[in-house]
Amino acid sequence: MARIIYAEDDNIMSEIVRDTLATAGHVVGVVEDGKSALQAISIKQPELIILDCSIPEMSGMEVLRAIRLHRDFCHTPVLMLTARHSQKDMQLAAFAGADAYIKKPFDPEYLIFLADSLLQQGRSGGNMAH
């Protein structure tokens with residue numbers, strides 16, 4: 001079981017992801033914007049962070065950059081789960097420090113596999129899976 005923070009402003013998507021990861025035994029806290037994500041990360045100290053690129057207040061990319069600059073969370077694995085499909089978006093996420101990138105719509109089994117892999121390996125040092 002792992003503590004996961006998921007930043008997503010789409011209620012249906014957040015429910016799907018939360019339920020998917022719960023079936024694998026994880027506890028997922030959902031927040032709807034970037035500022036709330038940073039607050040939740042500071043309080044809950046998750047073992048994995050999942051970010052949508054397009055969230056209010058601060059984008060997922062801005063949250064990712066803030067996480068990578070924070071000494072307590074710079075090594076926490078971050079998975080980008082987003083509708084952005086371009087190669088450029090994937091490269092920007094990798095450059096900002098994302099450990100993995102999944103495009104929506106996604107395969108729930110793959111999400112579980114990737115989340116479990118990130119949790120087992122710890123931060124992969126920028127080797128981004130997708």
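The values are calculated or read from the model by the stated rules, or taken from the named source; none is laboratory data. Nothing here was measured: the structure is a model prediction, and the numbers come from that model. Backbone-built Cβ (ideal geometry, glycine too); neighbour counts: all protein chains shown.
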Checklist outcome for this item: Only one of (1) at pLDDT 95 or above; (2) touching a helix residue (DSSP H, G or I) at 6+ places or on another chain (Cβ under 6 Å) does not apply to Ile67, and that is (2)
Checklist entry - Restricting attention to region 37-68, which residues are among the acidic types (Asp, Glu) and at negative phi? => result Glu47, Asp52, Glu62
Item to check | Boolean, Ile112 is at pLDDT 95 or above, part of a helix (DSSP H, G or I) and β-branched (Val, Ile, Thr) | outcome: yes
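May I ask you to list the residues in region 10-28 that are of a type outside the set (A, V, I, L, M) and crowded, with 17+ Cβ neighbours inside 10 Å?
Just the residues of region 10-28 that are of a type outside the set (A, V, I, L, M), to begin with: 10-11, 14-15, 18-20, 23, 25-26.
Passing the criteria: Ser14, Arg18, Thr20, His26.
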Item to check | Test: residue in region 52-60 that is closer than 19 Å to His26 by Cβ and not hydrophobic (A, V, I, L, M, F, W, C) | outcome: yes
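Quick check on my filter: what residues within region 44-55 are modelled with pLDDT of 95 or more and either surrounded by fewer than 19 Cβ atoms within 10 Å (Cβ to Cβ) or more than 20 Å from Asp99 (Cβ to Cβ) (or both)?
Restricting attention to region 44-55, the residues satisfying the condition of being modelled with pLDDT of 95 or more are 46-52, 55.
Of everything in region 44-55, just one residue is modelled with pLDDT of 95 or more and either surrounded by fewer than 19 Cβ atoms within 10 Å (Cβ to Cβ) or more than 20 Å from Asp99 (Cβ to Cβ) (or both), namely Glu47.
Test Asp33 against the stated conditions and say whether it is touching a Pro at 6+ places or on another chain (Cβ under 7 Å), closer than 16 Å to Ala7 by Cα and either in contact (Cβ under 8 Å) with a residue 24 or more places away in the chain or surrounded by fewer than 17 Cβ atoms within 10 Å (Cβ to Cβ) (or both). Working first, answer last.
Working: touching a Pro at 6+ places or on another chain (Cβ under 7 Å): yes; closer than 16 Å to Ala7 by Cα: yes; either in contact (Cβ under 8 Å) with a residue 24 or more places away in the chain or surrounded by fewer than 17 Cβ atoms within 10 Å (Cβ to Cβ) (or both): yes.
Criteria met by Asp33.
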Next on the checklist: When you check Leu69 against the structure, is it buried (at least 18 other Cβ atoms within 10 Å of the Cβ) and either hydrophobic (A, V, I, L, M, F, W, C) or touching a strand residue (DSSP E or B) at 6+ places or on another chain (Cβ under 7 Å) (or both), yes or no?
Outcome noted: no
Checklist entry - Does Ile5 satisfy the criteria of being under 19 Å from Phe106 (Cβ atoms) and either out of contact with any Gly (no Cβ under 8 Å at 6 or more places or on another chain) or at pLDDT 95 or above (or both)? => result yes
